[in-house]
Amino acid sequence: MAETDTQSRTALVTGASSGIGWELADVAAGDGYDVVLTARREERLRELADKLEKKHGVRTTVISQDLAVQNAAETLFESVQDEGLEIHTLVNNAGIPNYGDFLETDREAEQGMMQLNTVTLTELTKLFGREMSTRGDGAILNTASLAALYPIPKKAVYAATKSYVLSFSRAVAHELEDEGITVTALCPGVVETEYADRGNVDDSNTMDGITNDPRTVAKAGWDGLQNGERIVFPSTFATYGAQAVRILPRKMITKLGESTVEEGQSWI
Ligand SMILES: NC(=O)c1ccc[n+]([C@@H]2O[C@H](COP(=O)([O-])OP(=O)(O)OC[C@H]3O[C@@H](n4cnc5c(N)ncnc54)[C@H](OP(=O)(O)O)[C@@H]3O)[C@@H](O)[C@H]2O)c1
C-alpha cells in the first residue's frame, strides 16, 4: 500500500446499518478513515454517522440505497462521484441469507440475494477498482463466509454465493497485486447479528462457545486488510472449519454443511 496519510483516506462500507458492517465502519473511522455508509435504512446510517463523527472526528457521508436491484453498483458509484469523494478502501459487506428447500424457496427473493451477494459486489469491485488502479493505491474487503467452503443443503444458493465471493476475491487479489490494490476475503463462522432474522432463518444463529460478536469479526477483517492478507478466518471455529475441508471426503463436507442447518434454523 502506498504511504499516504490515512487521515485523508475514505472507506466505503456497504451493509453499514447493522452487524459486521456497522462495526467495520466504526473500526475504519477509529483508524482515521472518513467513511461512506450505505444500506437501505437511512435512520440507522444517520445514527451511526453521528456516532462516528463524535467518537472519531471523521467525515461521514450517508447514501441510503437498495443494492439488490439491477445497476445498483453504478448508481452508488455515481452518488459517490457526485459527492466528490475518492474511495481508498471498498468494503463489500452487505449480504443476506436464504433458507429453505431449494425447490420451494421464492425465486424473486433468491434473485435479489444473488444480485446483492454477488453481482453488486462484483460491479462495485470493478468500478472502484478501476479508480484505485489509476491511483495505484487501494484496498478491497469482501465479506464472504465459512459457508464459502461448504455446500449447505437448504442454504444451497446462499452458500454458493459465498463460494463465489471467496473464489472471485482470491482471483482478483492475484490480478490486482501489481496495481497496488489488495483484496481480502473475510470468512466468519457464526456471528450474532441481524443476519439470522433475514431470509427465512429463525433467530437462532447462536451456538454456545462458537458464536462471535460482530466487533471481533470486523476488527479481524480490518486488520487482515491492513496487513494485505488474502483470506481472514476471524475465529478458532472458522479456522478449524476451513482446515476440515482439506482433509474430509467431499460427501462428508456436504453432510457437515447440512448439519449447520436444522428446521428453520441455521448457524453459518
Ligand atoms: N452473521 C453471520 O453469522 C454471518 C456469517 C458469515 C458471513 N456473514 C456475512 O456478513 C455480512 C454482514 O451480515 P451481518 O451478519 O452483519 O448481518 P446483518 O446485521 O443482517 O447486516 C446485513 C447488512 O446488509 C444490508 N442489506 C441487506 N439487504 C440489503 C439491500 N437490499 N441493499 C443494501 N443493503 C442491504 C443491511 O442493511 P439494510 O437492511 O438497512 O439495507 C445490513 O446493513 C453478510 O454478507 C453476511 O452474509 C454473516
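The values are calculated or read from the model by the stated rules, or taken from the named source; none is laboratory data. Predicted, not measured: the structure shown is a model, and the values here were computed from it. Reconstructed Cβ throughout: ideal geometry from the backbone, glycine too, with neighbour counts over all protein chains shown. Note: accessible area is taken over every heavy atom of the protein model, side chains too, but ligands, DNA and RNA are not part of it. Shrake-Rupley method; radii C 1.70, N 1.55, O 1.52, S 1.80 Å.
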Consider Ala218 carefully, then state whether it is assigned to a helix (DSSP H, G or I), at pLDDT below 95 and surrounded by 15 or more Cβ atoms within 10 Å (Cβ to Cβ). no
Within the range 31-66, track down each residue that is within 18 Å of Thr184 (Cβ to Cβ) and more than 16 Å from the ligand (Cβ to nearest atom). Asp31, Tyr33
Being crowded, with 21+ Cβ neighbours inside 10 Å and not in a loop (DSSP other than H, G, I, E, B) narrows it down to one of Ala29, Ala16, so name that one. Ala29
Only one of Gly209, Gly257, Gly224 is surrounded by 17 or more Cβ atoms within 10 Å (Cβ to Cβ) and either at pLDDT below 95 or in a loop (DSSP other than H, G, I, E, B) (or both). Can you tell me which? Gly257
Arg9 vs. criteria basic (Lys, Arg) and within 11 Å of the ligand (Cβ to nearest atom): no
Having 3 or more residues that are of a type in the set (S, T, N, Q) and either over 21 Å from Leu12 (Cα atoms) or modelled with pLDDT under 95 (or both) is the bar; report the helices (runs of 4 or more DSSP H) wholly within the range 94-184 that clear it. 156-176
Which of (1) farther than 24 Å from Ser133 by Cα; (2) more than 13 Å from the ligand (Cβ to nearest atom); (3) not aliphatic (A, V, I, L, M) does Gly84 not meet, given it meets every other one? (1)
Gly199 fails exactly one of (1) farther than 19 Å from Thr120 by Cα; (2) modelled with pLDDT under 95; (3) within 12 Å of the ligand (Cβ to nearest atom); (4) buried (at least 16 other Cβ atoms within 10 Å of the Cβ), namely (1)
Which members of the range 113-138 meet the condition of being open to solvent by less than 50 Å² (accessible area, probe 1.4 Å) and within 15 Å of Ala160 (Cβ to Cβ)? Met113, Gln115, Leu116, Asn117, Thr118, Leu121, Thr122
Filtered residues of the range 56-75 (kept if assigned to a loop (DSSP other than H, G, I, E, B), touching a strand residue (DSSP E or B) at 6+ places or on another chain (Cβ under 8 Å) and open to solvent by less than 60 Å² (accessible area, probe 1.4 Å)): Val58, Gln65, Leu67
Hey, among the residues in the range 87-109 that are within 13 Å of the ligand (Cβ to nearest atom) and closer than 19 Å to Ala156 by Cα, which one's surrounded by the most Cβ atoms within 10 Å (Cβ to Cβ)? Gly95
